[in-house]
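Asks: Sharing a structure below in structure tokens format, with a few things to ask.
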Amino acid sequence: MDGSHVALISMELKCDGFDHFRCDRNLVLGININNMSKMLKCAGNDDIITLKAEDEADIITFMFESPDQEKVADFEMKLMDIDAEELGIPETEYEAMVTMPSSEFQRICRDLASIGDTVVIGVTKEGISFSTGGDIGKANVVCRQSSSVEKEEDQVLVNLNNPVSLTFALRYLNNFTKATSLSPTVRLSLSKDLPITVEYEIEKLGHLRFYLAPKIEEDEGLEEVGEN
């Protein structure tokens, strides 16, 4: 979760997706993402990566092994104390769910960010719309439902219980779209006054989900719905 409690990231990697997976009991490991990124940059492109942690340990070990097993490197990283209960994600029945090409969603967010800072995402039975406005003008993009497209990953599919229209900060959505390479499609789930879920399915391994609180109209302007 980010410092302003506006955005949250959740990733699940299933045990079946690993060459070797062993977990004797449930563990909660607090990891600094920036520090882990530094550790992973020490691995070669073809290295086999193994993560190891003991019960109640204050470190996690990264082992990088070359394919020919001629080089093995161990790196230890200090863990953080994190209250896992604060990061719980309740199950939600969404009013609208849209599956669309992830590259198209990335392009729309990038293009609209050159016009305005926020985007209004609206979903109806006809499709999904993205609207923004700024000092230089306005922009509106509509992706109509297209289940008849030949390639499944190029389809725009809408599952709708009630029409939804919510406003979000484009800078967060553009950060989310950095995960585009993980999946050819992205699923957007929306409900009134609730965070949007932006989900990328990782084939045969799991999924990556981003949650972003909507902005609401107030007397002083637009503000995110979230804890301050």
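Asks: If you look at just the Cα atoms of the chain, how large are its Rg and its Dmax in Å?
Replies: Here Rg and the maximum Cα pair distance are 20.4, 65 Å.
Asks: Hey, which of these cross-link pairs are over 28 Å Cα-Cα: Lys178/Lys204; Lys41/Lys215; Lys38/Lys151; Lys138/Lys192; Lys14/Lys78? Write out the running numbers ahead of the final one.
Replies: Values: Lys178/Lys204 20 Å; Lys41/Lys215 36 Å; Lys38/Lys151 38 Å; Lys138/Lys192 24 Å; Lys14/Lys78 24 Å.
Violating the 28 Å Cα-Cα cut-off are Lys41/Lys215; Lys38/Lys151.
Asks: Can I ask one more? Rounded to whole Å, give me the distance from the Cα center of the range 26-47 to that of the range 110-136.
Replies: First find each Cα centre; the distance between them is then 35 Å.
Asks: What is the sum of charges around Ile60, taking Lys and Arg as +1, Asp and Glu as -1, for the other residues whose C-beta is under 12 Å from the C-beta of Ile60? Each step should come with its number before you reach the end.
Replies: Numbers: positive: Lys52, Lys78; negative: Glu54, Asp58, Asp74, Glu76.
That works out to -2.
Asks: With loop defined by DSSP as not H, G, I, E or B, and exposure as at most 16 other Cβ atoms within 10 Å, which is the longest segment of the chain clear of exposed GluC sites (Glu not before Pro)? Before the final figure, lay out the partial values.
Replies: On the way: sites that count: Glu54, Glu56, Glu70, Glu91, Glu93, Glu126, Glu150, Glu203, Glu220, Glu227.
In the chain, the maximal stretch lacking such sites is 1-53.
Asks: Please determine, in degrees from 0 to 90 and to the nearest 10, the orientation of helix 102-113 with respect to the longest principal axis defined by the Cα atoms of the chain, where the helix direction is its Cα long axis.
Replies: 60 degrees
Asks: Whats the longest run of the chain with zero trypsin sites (Lys or Arg not before Pro) that are DSSP loop and have at most 16 other Cβ atoms within 10 Å? Please report the intermediate quantities before stating the final value.
Replies: On the way: sites that count: Lys14, Arg22, Arg25, Lys41, Lys71, Lys125, Lys151, Lys192, Lys204.
Longest site-free region, per DSSP loop and neighbour criteria: 72-124.
Asks: While we're on this one: Count neighbours as other Cβ atoms within 10 Å of each site's Cβ, and list the chymotrypsin sites (Phe, Trp or Tyr not before Pro) in the range 1-93 that are DSSP loop with at most 14 such neighbours. The partial results should precede the final answer.
Replies: Details: sites: Phe18, Phe21, Phe62, Phe64, Phe75; in loops: Phe18, Phe21.
Here the sparse-neighbourhood loop sites are Phe18, Phe21.
Asks: Something else now. Under a Cβ-only charge scheme (Lys and Arg +1, Asp and Glu -1), can you give me the dipole magnitude of the chain about the Cα centre, in debye to the nearest 20?
Replies: Numbers: 21 positive and 43 negative charges, 181 e Å.
Dipole magnitude for the chain comes out near 860 debye.
Asks: Could you work out the per residue convex hull volume over the alpha carbons of the range 96-224, in cubic angstrom? Please report the intermediate quantities before stating the final value.
Replies: Values: hull volume 13.7 nm³, N = 129.
Spelled out: Cα convex hull of the range 96-224, divided by residues, is 106 Å³.
Asks: With the crude spin-label approximation of a point 7 Å out along Cα→Cβ, what separation in nm comes out for Asn26 versus Asp74?
Replies: Spacing of the two 7 Å Cα→Cβ label points: 3.0 nm.
Asks: Now for a different question. Could you work out how far apart the two model spin labels at Met11 and Thr92 are, taking each label as a point 7 Å from the Cα in the direction of the beta carbon, and quote it in nm?
Replies: Taking the two extended label points, one gets 2.1 nm.
Since every read-out is calculated from the coordinates, none of them should be taken as a lab result. Keep in mind it's a predicted model, so treat the numbers as computed, not measured. Reconstructed Cβ throughout: ideal geometry from the backbone, glycine too, with neighbour counts over all protein chains shown.
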